[in-house]
1. Looking at the range 17-40, which of its residues are within 16 Å of the ligand (Cβ to nearest atom), closer than 23 Å to residue 186 by Cβ and in a helix (DSSP H, G or I)?
2. From 118, 96, which residue is surrounded by fewer than 18 Cβ atoms within 10 Å (Cβ to Cβ) and under 18 Å from residue 36 (Cβ atoms)?
3. Assess whether residue 10 counts as being within 16 Å of the ligand (Cβ to nearest atom), at pLDDT below 95 and either closer than 24 Å to residue 198 by Cβ or crowded, with 20+ Cβ neighbours inside 10 Å (or both).
4. I'm checking my understanding of the structure. Among residues of the range 72-88 that are closer than 22 Å to residue 57 by Cα and in contact with a helix residue (DSSP H, G or I) (Cβ under 6 Å, 6 or more places away or on another chain), which one is surrounded by the most Cβ atoms within 10 Å (Cβ to Cβ)?
Ligand code: GLP
C-alpha cells in the first residue's frame, strides 16, 4: 500500500487526477471504477481540465460506478447517475454508451445486480477503482456488517450514512433507505485501487481501516489485503496515524 500525505483537499484532488490520468494514458481503453460523494468532486474537476487541455483522451475509456440509490430516478438531481453526468461525463469526451451505473429504478433487483457484475466481468474487470470512504468505514455502500458481501447487491443504509448524506437532500426523510452497491468482492477484484480521504472527521476511521484489524465491521479494512492500493489523504485525515 502506498500512502500519499497531501496538504489539503485541493492537493488531494490534483494528485488523484494525475493518477487517474496516468492510468488512461497508459491504457486508453481502460475500465475506471468510479465513486460519488463530495470527496472525488475536486478530482473530477481536475480531470475535466486535463481533458479540455487535450492532456487526456477519454474516448475509449469505459466506466462502472460503485453504487446507486434504490428508488431514485436518473433525472433526480440526487441520483448518482445525475451526479456523474454533472461532475464528469458531460465535461469529458467519454462515450456515454461506455458508462455503467446500477439502475436504481429496476423492477428486478436480483437480475440487475447479477447483470452488473457480468457487465464488469465482460469489460475485462476494473483497471483502476476510485474509492471514497464513509464515516463508518463503508466503501461503495458496503456498510459495517458481520461478513464481507461478495458481488453487487442491495443494501440497507445505516442511520450514520443516512445522516451523513442528508446534507444533499431537502430533508432527512428524502434520503433513500437502501442502495445497490458493488460488493466487497467486486471492489477487491479491481487491478488497482485509489482511496481518497480528506478531513479530520475521518481520521479515526482511516486509522482503523489502514492499521486496525481486518473486519467487516470496518469494510475499508479489507483493502489491507489488496496488493495494489494507493491512498491519497490530506493531513487532517492522516492526523490519527
Ligand atoms: C456515499 C457513497 C460512497 C462515498 C461516501 C463518502 O455513501 N456511496 O461511495 O465514498 O458516501 O462520501 P463523502 O465523500 O461525501 O464523504
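The values are calculated or read from the model by the stated rules, or taken from the named source; none is laboratory data. It should be emphasised that the depicted structure is a prediction, and the values quoted were computed from it without experimental measurement. Here the Cβ positions follow ideal geometry from the backbone for every residue, glycine too, while neighbour counts run over all protein chains shown.
1. Hit for the range 17-40 is 20, nothing else.
2. When all the criteria are applied, what remains is 96.
3. Here the answer is no, as residue 10 does not meet what is asked.
4. Among those residues, the one meeting the criterion is 88.
Per-residue answers, yes or no, for (1) within 11 Å of the ligand (Cβ to nearest atom); (2) part of a loop (DSSP other than H, G, I, E, B); (3) buried (at least 18 other Cβ atoms within 10 Å of the Cβ); (4) touching a residue at least 60 places away in the same chain (Cβ under 8 Å):
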| residue | (1), (2), (3), (4) |
| --- | --- |
| 161 | yes, no, yes, no |
| 173 | no, no, no, no |
| 179 | yes, no, yes, yes |
| 196 | yes, no, yes, yes |
| 202 | yes, no, yes, yes |
